[in-house]
Amino acid sequence: MERNLKINHLDCTLRDGGYYNAWDFEPDLIHAYLKAMAALPATTLEVGFRSMPGRSSKFLGGCAYCTDEYIRYLGMPDYDLALSVMVNGSDFLQYEKGIKTAVDRLFAPAQESPLELVRVACHVHKVAETLPAVSRLNELGYRTSVQLMQIAGLSKEKVGRLAKACSEYPLDVLYFADSLGSMVQEDVDQTVEALRSHWQGELGFHAHNNMERALSNCIRAMEQGVTWIDGTVLGMGRGPGNARTEYLAIELETRLGRKMNHTPLLDLIENYFRPMQQKFGWGPNPYYYMAGKYGIHPTYVQTMIDDTRFDTEDVLAVTDYLKNTGGKHYNLANLEAARFFYSGPAQGTWKPVKEMQGKTVLVLGTGPSAAKYKQALEFFIERYKPVVIALNKQTPITQALIDFRAACHPVRLLADHADHMVLPQPLITPVSMLPDGIKALYKGKHVLDYGLSVQKNTFDFHETYSVLPNQLVFTYVLALLNSGSASKIMLAGFDGYTPDDPRMIEMERLLSLYFSQHDNISLVSITPTKYKIAQSSIFELSI
């Protein structure tokens, strides 16, 4: 293999890894990290962001701001390592007094700073506006780099125009980032070729690992003449993470033709980063793979994984929604909208009043108590003959004692269709509003079509449909029972969660909204529950 003696290994662990711990790294970890990077050696360390004050309403650690004073406070040893920081271009653009003043607000002259390199990250549509910051940074004496975000998918002509714009400024390194982790090696080739049409300086590459291609894409970039390559320890970074520094070091050992000292880095991983990975859970998984495949910003996936309200069906439904509507740019409002599939006008054909009017109804939830008290529940059902509705496909009691099943989540209906087709109970679901592909799967099934539409903070019951605050199946069942004028609703298997669990918070909000409605049907849990609803005992009722 031909050796390339000009490759610069930039490690950005303290910057990209900070998305998990709010950039609040312990000094002991930082010192062990510096020792490991010097031993390899890496070429440049990006020690964090240089963020504009006042942009965040939350506590962020020192590596979010990386002031010169903070870097000196850490007591950086005299290692032969160049130090850099990254600035979000938006911090310059949004500064009220202009870009030059924004640069001067954040950076002293280079001779007064421990930093050598400043990287400016900007989305491709903001490059022209952001580039004047490079000129000012150059005047202050810094080496500079611009990192082009979300470049994948742009035409060769557009990439070439970006390169031409950058070539007109005193820029040392032009970086491109696989922001969505969607690139394959051919994309790397084409991007380098397009950039080279107007940029003859050094190129850098920042890879993301959604599809587990970060390392192979880095290798391909080096083969194409890219001389700056990013990595992070154990791949630590937002979502699926980045190319792993420990793997890049092995590759670079051959390419640089020199022996590297891997021991301090491997000790660093086992002592500090492995426990953090177990705590925070970064790294590739099938959800990130799909995000990379369909060009969806990984923060959507990371947010859903961290929020227990999003179960598997929700994550898949949101991914499908963003695949079709566009998810390159993270927006929390898009995430909430994607959870609510039934946003259009409601429609249905089945009238619950025919089956539920004046009846006591027992709703079976998915909590452990439904199975725990199976025998008592079955005795109660056989003796008092309530209408029994089970949620989705779960069967905590004898099949013959269940009268109906209810399901409304499109992805859950898709995943469970084979089970529902053999289950004997009629299925209550908003079939008229489902995609044609899901409707076809339920051909031949006895379906009761009760419609729903989702509208924030709304409970509105109608004869064949309801307008609801969410599409939880429990909410759906409450609606159809109120529409059907049931006399009483009993709950079993609604155990609840810990007070700080988002599912508990969401359910409590739902119940509070429900109880605020005029003439709502009363609820009583006959198995243990943590929810703020009336309670009785299945054993008391069976006397």
Residues (modelled with pLDDT of 95 or more, in a loop (DSSP other than H, G, I, E, B) and among the aromatic types (Phe, Trp, Tyr)) located in segment 65-94 = Tyr65
Filter segment 172-193 for residues that are free of Cβ contacts under 8 Å to residues at least 40 places away in the same chain and of a type outside the set (D, E, K, R); the one that is nearest to Gly239 (Cα to Cα) is Met183
Which one is modelled with the lowest pLDDT, of the residues in segment 20-40 that are surrounded by 17 or more Cβ atoms within 10 Å (Cβ to Cβ) and outside any helix (DSSP H, G or I)?
-> Leu40
Pick from segment 47-76, criterion within 23 Å of the chain's Cα centre (by Cα) and basic (Lys, Arg), ranking: nearest to Tyr95 (Cα to Cα) | Arg55
Which of the residues belonging to segment 419-432 are over 18 Å from Phe474 (Cα atoms) and in contact (Cβ under 8 Å) with a residue 60 or more places away in the chain?
-> Ser432
Is it true that some residue in segment 58-70 is surrounded by 17 or more Cβ atoms within 10 Å (Cβ to Cβ), touching a Leu at 6+ places or on another chain (Cβ under 8 Å) and under 23 Å from Lys259 (Cα atoms)?
-> no
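Condition check ((1) among the aliphatic types (A, V, I, L, M); (2) touching a strand residue (DSSP E or B) at 6+ places or on another chain (Cβ under 9 Å); (3) in the same structural domain as Glu157 (by TED's automatic domain parsing)) across all residues:
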site: Glu193; (1), (2), (3): no, no, yes
site: Ser197; (1), (2), (3): no, no, yes
site: Leu203; (1), (2), (3): yes, yes, yes
site: Asn209; (1), (2), (3): no, yes, yes
site: Ala214; (1), (2), (3): yes, yes, yes
site: Ala221; (1), (2), (3): yes, yes, yes
site: Thr232; (1), (2), (3): no, yes, yes
site: Met236; (1), (2), (3): yes, yes, yes
Can you name the residue in segment 522-543 that is aliphatic (A, V, I, L, M), in contact (Cβ under 8 Å) with a residue 24 or more places away in the chain and assigned to a loop (DSSP other than H, G, I, E, B) and is also surrounded by the most Cβ atoms within 10 Å (Cβ to Cβ) among such residues?
-> Ile526
Cβ pairs under 6 Å, 6+ apart, first in segment 401-418 and on the phi > 0 side of the Ramachandran plot, second of a type in the set (D, E, K, R) and surrounded by fewer than 21 Cβ atoms within 10 Å (Cβ to Cβ) = none
Criterion violated by Lys100 - all others in (1) farther than 20 Å from Ser167 by Cα; (2) surrounded by fewer than 20 Cβ atoms within 10 Å (Cβ to Cβ) satisfied | (1)
Considering only segment 206-248, state which residues are over 17 Å from Lys6 (Cβ atoms), in a helix (DSSP H, G or I) and small (Gly, Ala, Ser).
-> Ala214, Ser216, Gly235
Condition check for Thr498: of a type in the set (S, T, N, Q), in contact with a helix residue (DSSP H, G or I) (Cβ under 7 Å, 6 or more places away or on another chain) and without any contact (Cβ under 8 Å) to a residue 60 or more places away in the chain | yes
When segment 249-299 is checked residue by residue, the ones that are small (Gly, Ala, Ser), part of a helix (DSSP H, G or I) and not assigned by TED's automatic domain parsing to the domain that holds Ala32 are Ala291, Gly292
Please give the number of the condition Lys58 fails out of (1) closer than 24 Å to Pro275 by Cβ; (2) of a type in the set (Lys, Arg); (3) in contact (Cβ under 8 Å) with a residue 60 or more places away in the chain.
-> (3)
Would you check if there is a residue in segment 39-53 being without any contact (Cβ under 8 Å) to a residue 24 or more places away in the chain and closer than 29 Å to Gly98 by Cβ?
-> yes
Scan segment 373-392 and report the pairs whose first residue is in contact (Cβ under 8 Å) with a residue 40 or more places away in the chain and whose second residue is charged (D, E, K, R) and in a helix (DSSP H, G or I), with Cβ atoms within less than 8 Å and a gap of 6+ or a chain change.
-> Val387/Glu355; Asn392/Arg412
Could you tell me whether any residue of segment 357-368 is closer than 30 Å to Gly181 by Cα, touching a Leu at 6+ places or on another chain (Cβ under 7 Å) and either at pLDDT 95 or above or not charged (D, E, K, R) (or both)?
-> no
Number of the exception - Leu510 against (1) in a loop (DSSP other than H, G, I, E, B); (2) under 35 Å from the mean Cα position of the chain (by Cα); (3) under 29 Å from His417 (Cβ atoms) | (1)
For segment 460-493, enumerate the residues that are farther than 25 Å from Thr312 by Cα and either surrounded by fewer than 20 Cβ atoms within 10 Å (Cβ to Cβ) or charged (D, E, K, R) (or both).
-> Asp460, His462, Glu463, Thr464, Ser485, Ser487, Lys488
Out of (1) in contact with a helix residue (DSSP H, G or I) (Cβ under 6 Å, 6 or more places away or on another chain); (2) of a type in the set (Lys, Arg); (3) buried (at least 17 other Cβ atoms within 10 Å of the Cβ), the odd one out for Arg15 is which?
-> (1)
Of everything in segment 438-460 that's out of contact with any strand residue (DSSP E or B) (no Cβ under 6 Å at 6 or more places or on another chain) and either without any contact (Cβ under 8 Å) to a residue 12 or more places away in the chain or of a type in the set (Asp, Glu) (or both), which residue is nearest to Trp350 (Cα to Cα)?
-> Asp449
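The rows are residues; the columns are (1) over 30 Å from Asp306 (Cβ atoms); (2) surrounded by 24 or more Cβ atoms within 10 Å (Cβ to Cβ).
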| site | (1), (2) |
| --- | --- |
| Ser182 | no, no |
| Glu186 | yes, no |
| Gln190 | yes, no |
| Leu195 | yes, yes |
| Asn210 | no, yes |
| Leu266 | no, no |
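The values are calculated or read from the model by the stated rules, or taken from the named source; none is laboratory data. As the structure is a computational prediction, the values presented were derived from the model and not from experiment. Note that we place each Cβ from the backbone using ideal geometry, even for glycine, and neighbour counts take in every protein chain shown.
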